[in-house]
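Note sheet for the following structure.
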Amino acid sequence: MGDIVEKHLTGDSVFKEESTLFREYVPDKLPRREKEIARLTRDFKPLTSKKGAFSVNVAIIGNAGIGKTSIAKYFMERFPKSAEKVGKKVYCVYYNCYTYRTKSSILRHLLNKYFNVFSTRGFSDNELLSDLMKSLNKQDSHLILILDEANVLGGEDILSFIYIPEAFEFGQSRISTILISRLTEFNSLLNVQLSERIHDKIQLSGYNEDDLREILGYRAELAFKNNVVSTDVFDQVVSIAANTQNARHGIEIFYHAGKIADQEELSYITPEMVRKAKAYVYPELRSSVLEELKEQELFVSIAIARHLKKDNIAHTSIDEVYEFYKIVCEENGETPQAKVTFRRHIDVLAKTGIIYKVVEPVGGGKRGRRSIITLQDIPAEVLEEKCTNILEKNEK
Ligand SMILES: Nc1ncnc2c1ncn2[C@@H]1O[C@H](COP(=O)(O)OP(=O)(O)OP(=O)(O)O)[C@@H](O)[C@H]1O
Ligand SMILES: [Mg+2]
């Protein structure tokens, strides 16, 4: 066995640096987004030039895979260092709200990690915020909180980061925010007070073919050895990604195609490998996953999709979906199953990755826990259409 391990660990690969294609990797350059990075920097310039407490809030919005997260992370790496050069202390901290779903969890993590305030259990959110403000005041520093997938956190919670400190003795907040959200979900996040607080809304457009040529050229160069990607293969990937205007689409195709080349022990990527890789990758959720679903699971998927689409919301709960599910069953002449069974279908869908389910405490944990359901990668409309087609096909 040792030999096989060694062969594949040291053996040839088409990759020069595979990890540059991983999701969390942020490249040193973000071609075609220079203007937006400059704009973001200008928005936060007052933090380095003005004295005292105030808050700058910027939203970055747009469709999937167009550099929202990357721009924010790029800025986060550099802004505090530049501020330090002019004698200003700025913390810039990133939270993905799929991971940190509540104001409390963000506050606790912040205080522990950056301000050495421990054992915050038992403290209310307001007490935690007050502690945070005290620390920032003491150091005459600012905090830029990057909230990615901010719609998951919700408008009220976001507002309290910038709003509640004002009600304290400190006057104005020292907390600024960068709110990142996909376009469709951004509106569900906004309430009147929050939109009044947003100083700049940077709306990114999708990448066109020219953009993708430059971006994917740069990323392929980082990831692959010479002569792995021919001009034909490169054009093929660019044109697939141009359809969705999504840079991640191209990057993930490159990644999977490279993996296939390694598996087949070839030193270059073929057009067929690109076609195979395409089938793995967003935005086309692998159709075989859906085709394997049982009838009841298809009903549940349709119910989720319809509800999210109808009410234009980012996530929903089991109880709400159940109501939609009953209607779908009726339409298909079936009796709805009990909620216990229904929940099992939800679990299956979560396991296949079609939906995303997170259990979160209600009322600070005092009122138990509830499951929140959302669609990760596939638009509600597409999911509904695909499932309906499969149901129809199965009936024939
Ligand atoms: N201008 C660019 N130059 C180089 N790589 C880029 C650029 N824009 C995006 N990418 C890469 O494309 C992928 C998707 O970008 P990113 O994660 O920033 O998208 P997003 O807009 O946050 O998408 P989502 O809404 O799905 O979170 C990442 O791997 C990122 O590194
Ligand atoms: Mg993102």
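The values are calculated or read from the model by the stated rules, or taken from the named source; none is laboratory data. Every value quoted in this text rests on a predicted model; they were computed, and no experiment measured them. Cβ sites come from the backbone with ideal geometry, for glycine too, and all protein chains shown count toward neighbours.
Give me a count of the residues in the range 298-346 that are surrounded by 20 or more Cβ atoms within 10 Å (Cβ to Cβ) and among the polar types (S, T, N, Q).
2
Return only the number of the condition from (1) more than 9 Å from ligand 1 (Cβ to nearest atom); (2) modelled with pLDDT under 90 that Ile37 does not satisfy.
(2)
I need a count of the residues in the range 69-86 that are assigned to a helix (DSSP H, G or I), touching a residue at least 12 places away in the same chain (Cβ under 8 Å) and more than 14 Å from ligand 2 (Cβ to nearest atom).
Qualifying residue count for the region: 5.
It is to be established whether one or more residues within the range 99-121 are aromatic (Phe, Trp, Tyr), within 16 Å of ligand 1 (Cβ to nearest atom) and within 26 Å of Tyr74 (Cα to Cα).
Among the residues of the range 99-121, at least one is aromatic (Phe, Trp, Tyr), within 16 Å of ligand 1 (Cβ to nearest atom) and within 26 Å of Tyr74 (Cα to Cα), which makes the answer yes.
Scan Tyr98, Tyr94 and give me the residue that is modelled with pLDDT under 95 and within 30 Å of Asn312 (Cβ to Cβ).
Tyr98
Quick check on the range 326-343. Is at least one of its residues of a type in the set (Ser, Thr, Tyr) and closer than 20 Å to Tyr98 by Cα?
No; the residues of the range 326-343 include none that is of a type in the set (Ser, Thr, Tyr) and closer than 20 Å to Tyr98 by Cα.
Here's a check for you: in the range 189-211, which residue that is in contact with a Ser or Thr (Cβ under 9 Å, 6 or more places away or on another chain) and in a helix (DSSP H, G or I) is modelled with the highest pLDDT?
That would be Glu209.
Can you tell me which residue is surrounded by the fewest Cβ atoms within 10 Å (Cβ to Cβ) among those in the range 348-396 that are modelled with pLDDT under 85 and acidic (Asp, Glu)?
Here the answer is Glu395.
Assess whether Leu132 counts as being under 17 Å from Val93 (Cβ atoms) and in a helix (DSSP H, G or I).
Yes, satisfied.
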